[in-house]
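Data block below; observations after.
The values are calculated or read from the model by the stated rules, or taken from the named source; none is laboratory data. Since we're looking at a predicted model, the values are computed, not measured. FYI the Cβ positions are ideal-geometry reconstructions off the backbone, even for glycines, and counts take in every protein chain you see. What goes into the accessible areas is simple: the full protein's heavy atoms, side chains included, and nothing from ligands, DNA or RNA. Shrake-Rupley method; radii C 1.70, N 1.55, O 1.52, S 1.80 Å.
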Amino acid sequence: MASGDTLLVLGPQQGQPPATNYATLDSRNNQLVLDFDDTTEESTYFSGVLPRNYGGGGITATLWWMATSATSGDVKAGVSFERHQDSVDDLDADGFGSEQTGTITAPATSGTTKAMAIASTNGAQIDSIAAGETFRLKVARKAADGADTMTGDAELLAVELKET
Amino acid sequence: MAVLSAADQVAVTSSYTRLVCERREAVPIRKAELRAAITAVDAWADSNQASFNSAIPLPARTSLTARQKAEILLFVIRRRWELS
């Protein structure tokens, strides 16, 4: 697979909530979204199988956001990967690689989307996931971070994983 | 009554944010700016308690409890601004 090619597309309905501080499902004009709070850090998990045509490069997660109501301010989000290596990783405990973060400014019109691309290099940052293995992707809004200045919920519309 | 604690101000900020998010109403300010507004409104309410109280005529001023007078203010503001 070549750099820049899409590996997976994940939607809000595939999000798996943690026990606490989870992003909540919402709809906007009949489109499913996950709402991330602006005060408390909230997260969600996505599970997948890394496609067989993955070529061993880094992975860029593009998060498509809308602001529920804001027309200014920045959203900061983080992504982290967890490899599920056969007969090695015990899924009873979390084992995510280091979180990579990105920031975008809210569009001037609430309801328009904005893409946030967060690159993770191949190796430790993606927990060394290999083609054909299951994995988890954690997406969190860093609401308590000083760089997250946007008022109100951030709505996650979709996540695209592409090889970089 | 003193000004609200930091935790209470965060709670007010969160509640207000939730309200405007549910209405999907445009909010063209940042989190820190909204928090500053809430802090300032609380400080204004705190420093103008005596003025508010003296505006209430007798016998209501001395016969009603502080909570009852605050509720009157709440109801008047609700009606003036058509708040639900």
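Descriptive notes on the structure:
- Solvent-accessible surface (1.4 Å probe) assigned to B:Ser63 amounts to roughly 80 Å².
- On Cα atoms only, tilt of B:6-23 relative to the major axis of chain B in degrees: 70
- Residues of the range A:130-164 buried by at least 40 Å² on assembly (accessible area, 1.4 Å probe, chain alone as reference): A:Thr149, A:Thr151
- Low-density loop cleavage sites - GluC sites (Glu not before Pro) in the range A:1-107, where at most 13 other Cβ are within 10 Å (DSSP): none
- Angle in degrees between helix B:31-47 and the longest Cα principal axis of chain B, rounded to the nearest 10: 10
- Partner lysines for B:Lys31 [C-alpha distance under 17 Å; skip if fewer than 8 residues away on the same chain]: A:Lys76, A:Lys142
- Chain A, relative contact order [Cα under 8 Å, separation at least 6], %: 40
- Charge sum, other residues only, whose C-beta stays under 14 Å from A:Ala117's C-beta, Lys/Arg counted +1 and Asp/Glu -1: +1
- Separation of alpha-carbon centers, the range A:86-140 and the range A:1-80, rounded to whole Å: 8
- Heavy atoms of chains B and A lose about 1300 Å² of accessible surface on contact, summed over both sides with a 1.4 Å probe.
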